[in-house]
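Have a look at the structure below, then the notes.
The values are calculated or read from the model by the stated rules, or taken from the named source; none is laboratory data. Being a predicted model, the structure only gives us computed values, none of them experimental. When we count neighbours, we look across all protein chains shown, and the Cβ atoms used for this are built from the backbone with ideal geometry, even at glycine.
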């Protein structure tokens, strides 16, 4: 990699800073491209990096015309590839396209009714271009075609700002709002090097403010959708607006903050959720189960049956999850107290909402609770119970002075597309195979829609149905007792 | 150089929260129909509305009705303040103040605890999200629920919309003087929440000196897992980054804990639909294992010039 290494301290401070900045940029951006696999690691990255450096060196040559002699000496003294760059100056300076895009630019597409559009000379917004395409299927290819039409239409790209604003607005309709290539192509619409400030007065006075604002809005839409820009974006921005413009600052901010916040979600949801409802149910149940030992069981796969009378019966999928500690709790549950099937509770995964149902019971009242003594042989590494009589200081209080909530144990969760009682009955029968106690315990169903929370013990049920069960006691109403806050069993599942 | 003023308020991150005072409609509280702001909160002009042309004394209520109740309440507060001084700093014995490791700030154990919170949504700027706050079923937690809708209001100015927030009220001493929380002996925020899988944002507003800093808020994300189990969330204060009106700033500095005014929770994740968040308690704790002072760079300007 060639880079001009050491320059004597110029009084022309801007030049020196440009060089050193580019150096650090280059290193950081190449390294960053290694870290993020979504950027392209093929030749175009290196090409981008190279042409970025070439731009900066060209600017160096262009700016310091006074000290050309000094420059000549320096450039000769630096690496041998410098003369190559000087030689290729005219060839590489593309006015309207970035060198990185040059090789990849496709053959000019056919114009879509170019003549028809040109005949109409009235004042139209650039939405029209998109409207005309809207009659066909809106895809990425048609979007690219429209952009190509605009690019080919006028060498000076008259009205490119309005066109870019219109394109940004239409992107969600064409389904390309998360596509970085499309954003780079849209950024390519700007004419290059026209808006780059050439002296300090231009730099001071917000050179070409409308175009800078347009560039910032484009980057802001990218930021809105969470798309990380790549090296090509940077090269384009440098060519269009220079290194000190507002779009470049915005790009730098994106590149600073996005990597910091990319992986801070402790419960990450993939961008592409599984399409299959059973897989989606499996993913979300393992997410909410909070236990790595939990096992997912598919009780029924989705299918459509056609009965003799020709009716279509759609059987929904039933996916349930239960962990060994939940099974243990259910086994310890006394058969005289009922269990509840509650739902549907919402669970949001990015933009989709799925619903799950819960099998739970009320917390045991304090008189019925049995404190099982710790089995000292359960863990031989350290004692589970210490009978020390030490006082704890203020500085050693590690828990909050808050009453523990005891909402009762949760025994299992399930997800299904159709949440009526018949389907949930099927789930309970499926659970019964592993938890025989469900055969004796009365099960009540509380299936209400609306903002849901686990119902507490001191509640009257509004709409519940019984599950037909050989249960000796079937109570219509819950005993309404005001539970005093008390210590929970401390079971951590 | 600075761009000309862009009159497009972005409310993607939590923007400046302008909260209504709320009437307590038992059992749930919801934002008022009309805007009522305390004098200390400053003026808010809803985008798209013309400026109200009133003399400054006209909105003030000169009646006597609030006078007598107010005098009793404030004198009681004043007496409490004087007597608290004899016990120790902030009403706690000094040993407890110095050595305590955990402090519960807000817990929802009765309807009066809901009075410490204000809810607000983008209906203030003309959007269509709804938000309500009520006590949980067993009177031990609070439930913040509602519907998010990200269609922006058609006033020509606003481009993004769809947010709901809950913010604590500024603690007030006697005669409505502002009081601040002092969390300088703690370094972690501890919450017990049960969400529905949506990502929330926690905002902490501190006392500032200059009026430009009025909308400076320290933010961090609160990712909920969803599900029937409660989630303990511990966020060290060193992770909070500063934003102004929802825009993250270049010059970052750590959150100063000695004069904290309010804490709030915002939802603005652009997913339209119902949401809910249950909060058991909000507390601060001192984590001796956490030695980080600040998570973001302060020694270099970003972006580098």
Out of the residues in segment B:250-266 that are touching a strand residue (DSSP E or B) at 6+ places or on another chain (Cβ under 9 Å) and within 14 Å of another protein chain (Cβ to nearest Cβ), which is farthest from residue A:356 (Cα to Cα)?
B:251
Using the structure shown, decide if residue B:108 is buried (at least 20 other Cβ atoms within 10 Å of the Cβ), over 28 Å from residue B:273 (Cβ atoms) and touching a strand residue (DSSP E or B) at 6+ places or on another chain (Cβ under 6 Å).
no
Criterion violated by residue A:354 - all others in (1) at pLDDT 75 or above; (2) loosely packed, with under 15 Cβ neighbours inside 10 Å satisfied:
(2)
Between B:274, B:254, which is surrounded by fewer than 19 Cβ atoms within 10 Å (Cβ to Cβ), over 20 Å from the mean Cα position of the chain (by Cα) and outside any helix (DSSP H, G or I)?
B:274
Can you find even one residue in segment B:167-178 that is within 14 Å of chain A (Cβ to nearest Cβ) and more than 30 Å from residue A:268 (Cα to Cα)?
no
I'm trying to understand the selection: among the residues of segment B:267-289, which are facing chain A (nearest Cβ under 8 Å) and under 26 Å from residue B:90 (Cβ atoms)?
B:280, B:281, B:283, B:285
Somewhere in segment B:158-168, is a residue surrounded by fewer than 17 Cβ atoms within 10 Å (Cβ to Cβ) and within 28 Å of residue B:258 (Cβ to Cβ)?
no
Can you tell me which of (1) surrounded by fewer than 21 Cβ atoms within 10 Å (Cβ to Cβ); (2) in contact (Cβ under 8 Å) with a residue 12 or more places away in the chain; (3) touching a strand residue (DSSP E or B) at 6+ places or on another chain (Cβ under 7 Å); (4) more than 14 Å from chain B (Cβ to nearest Cβ) is the one residue A:344 doesn't meet?
(4)
Of (1) more than 14 Å from chain B (Cβ to nearest Cβ); (2) at pLDDT below 90, residue A:290 satisfies every one except (1)
Show me the strands (runs of 3 or more DSSP E) entirely contained within segment A:262-327 in which 3 or more residues are in contact with a strand residue (DSSP E or B) (Cβ under 6 Å, 6 or more places away or on another chain) and surrounded by 10 or more Cβ atoms within 10 Å (Cβ to Cβ).
A:295-300, A:318-322
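Per-residue answers, yes or no, for (1) in a loop (DSSP other than H, G, I, E, B); (2) free of Cβ contacts under 8 Å to residues at least 40 places away in the same chain; (3) away from chain B (no Cβ under 14 Å); (4) touching a helix residue (DSSP H, G or I) at 6+ places or on another chain (Cβ under 8 Å):
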| residue | (1), (2), (3), (4) |
| --- | --- |
| A:337 | yes, no, yes, no |
| A:340 | no, no, no, no |
| A:353 | no, yes, no, no |
| A:357 | no, no, no, yes |
| A:402 | yes, yes, no, no |
Every residue from segment A:404-420 that is away from chain B (no Cβ under 14 Å) and surrounded by 15 or more Cβ atoms within 10 Å (Cβ to Cβ)
A:416, A:417, A:419
Could you pull out every one of the strands (runs of 3 or more DSSP E) wholly within segment B:202-249 that has 2 or more residues that are over 15 Å from residue B:294 (Cβ atoms) and more than 13 Å from chain A (Cβ to nearest Cβ)?
B:216-223
Within 14 Å of chain B (Cβ to nearest Cβ), surrounded by fewer than 21 Cβ atoms within 10 Å (Cβ to Cβ), under 17 Å from residue A:246 (Cα atoms) and touching a residue at least 24 places away in the same chain (Cβ under 8 Å): does that describe residue A:197?
yes
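For (1) within 11 Å of another protein chain (Cβ to nearest Cβ); (2) more than 14 Å from residue A:246 (Cβ to Cβ); (3) touching a strand residue (DSSP E or B) at 6+ places or on another chain (Cβ under 6 Å), each residue gets a yes or a no:
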residue	(1), (2), (3)
A:181	no, yes, no
A:186	no, yes, no
A:193	no, yes, no
A:205	yes, no, no
A:217	yes, no, no
A:224	yes, yes, no
A:229	no, yes, no
A:236	no, yes, no
